Amino acid sequence: MNDLHKMYFTMEQYLFPMVEEEIGELTAKMKEFLRVVEVVRPARFITGALSWCGLGRPLTSREKLLRAFFLKSVYDLPTTKGLIENLKTNPSWRRLCGWEHASQVPSEPTFSRAFAEFSERNLAAEIHAAVVTENYEDKLVGHASMDSTAIVGREKSCRKNKPKKKEKKKRGRKSKAEKAAMTAEALAEVKTRRLELQPGRSLEDNLADLPLGCDWSGKRNSKGKTEYWCGYKLHLSLADGGIPLAAILTSASPHDSQVAIPLMQMTSERATILYDLADSAYDAPEIKQVSKKLGRVPIIDPNKRRGETIELTPAEKVRYRERTTVERGNSDLKDNYGARHVRVKGHWKVFTHLMFGVIAITVKQLFKMLI
């Protein structure tokens, strides 16, 4: 577990003054970037195919490239080309990432290949899970607020999110076991609602069942008008203080409620949570049952479309006010950490791009809790 108090004191008293002697005065954003690097410690995640094994031409340091992508997110730079230009012209940024001279900054294709490798390994999500687990291992989370936000993509909508693979049919009569298996599959297909199937499945199975391709969706805004977008939807669960506990990226079309149970399963592996807060979109009996099964108290705004609604008690209404935390987190990610200018294509690359911002917000809010 990270001792944030000790880390904060060490950085303020020793690290920042030492770095200022080398590169000059540090701005608030530079200090934020250094905090991210100190908490994440990128070197420990550069293993396997990301590290040089001693054969062939040495790879460009993936650790330095990982630092550069964190720098891009912290400074909300829209493109990798802009990041490279800043690294070549700004000695302070360049040295913080680990390059002494402008000629050492890799080319844009090298950045692109490294980003593709990080995406294939889902490295950013792995880093975020490690940061949350290390800092919440022995702590209680009062409220976990769930919500989603639209992510506009730069690619065409796919026709099928999950194309079915054609299987060769077996010749001859079917055995009793095969007939029984077919009957079980037929019963499962009848239960078309994803929510009915999720409580009895593992986190991995629930995540594998979610659609991931880019598609269209619409959502009614605060003025009563429906806004449409082509892209994805980022589902977040934030703890008190605006600290992201878990994030899942899906297609734009799935309803918010279909990702609530996977989010709760994911957060249960990382922290002990007392209350689940969500708006009326999550008002479903399956979600409440899973929340109670995990030892939490669900406080969900009643959905009037369900007929008779049970109003929240005065005490629950007071706790429900904390749900605005996730809305502020969504706005922060879009306004300051790159979620408004997604330039990559494909689910895993978009998710990696967003997760760099989620990690930066996580570290920022963790240290804010100390001040």
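Taking the conditions exactly as written (assigned to a helix (DSSP H, G or I), small (Gly, Ala, Ser), more than 20 Å from ASN90 (Cβ to Cβ) and within 27 Å of the chain's Cα centre (by Cα)), does ALA49 satisfy them or not? Yes; evaluated as a whole, the condition is true for this residue. Condition first: over 17 Å from TRP93 (Cβ atoms) and crowded, with 17+ Cβ neighbours inside 10 Å. Can you find one or more residues in the stretch 22-38 that meet it? Checking the stretch 22-38: not a single residue is over 17 Å from TRP93 (Cβ atoms) and crowded, with 17+ Cβ neighbours inside 10 Å. The C-beta contact set for the stretch 141-158 (first residue surrounded by fewer than 21 Cβ atoms within 10 Å (Cβ to Cβ), second residue β-branched (Val, Ile, Thr) and in a strand (DSSP E or B), distance under 9 angstrom, 6+ apart or interchain) comprises GLY142/ILE273.
Across the stretch 208-247, what is the number of residues that are out of contact with any Gly (no Cβ under 7 Å at 6 or more places or on another chain), in a strand (DSSP E or B), of a type outside the set (A, V, I, L, M, F, W, C) and surrounded by 14 or more Cβ atoms within 10 Å (Cβ to Cβ)? Qualifying residue count, the stretch 208-247: 6. When the stretch 3-46 is limited to residues that are part of a helix (DSSP H, G or I) and basic (Lys, Arg), the one that is farthest from LYS364 (Cα to Cα) turns out to be ARG44. Within the stretch 213-225, one or more residues are touching an Asp or Glu at 6+ places or on another chain (Cβ under 8 Å) and polar (S, T, N, Q). Those helices (runs of 4 or more DSSP H) of the stretch 58-141 in which at least 3 residues are under 18 Å from the mean Cα position of the chain (by Cα) and either outside the structural domain of LYS334 (by TED's automatic domain parsing) or within 22 Å of VAL19 (Cα to Cα) (or both), considering only elements entirely within it, cover 62-74, 108-121, 123-136. Checked against (1) aromatic (Phe, Trp, Tyr); (2) in contact with a His (Cβ under 7 Å, 6 or more places away or on another chain); (3) closer than 19 Å to LEU207 by Cα, TYR275 meets all criteria but (3).
When HIS341, HIS353 are checked against the criterion of being modelled with pLDDT of 95 or more and surrounded by 13 or more Cβ atoms within 10 Å (Cβ to Cβ), a single residue qualifies: HIS353.
The values are calculated or read from the model by the stated rules, or taken from the named source; none is laboratory data. The structure presented is a predicted model; accordingly, all values stated were derived computationally and were not measured. Backbone-built Cβ (ideal geometry, glycine too); neighbour counts: all protein chains shown.
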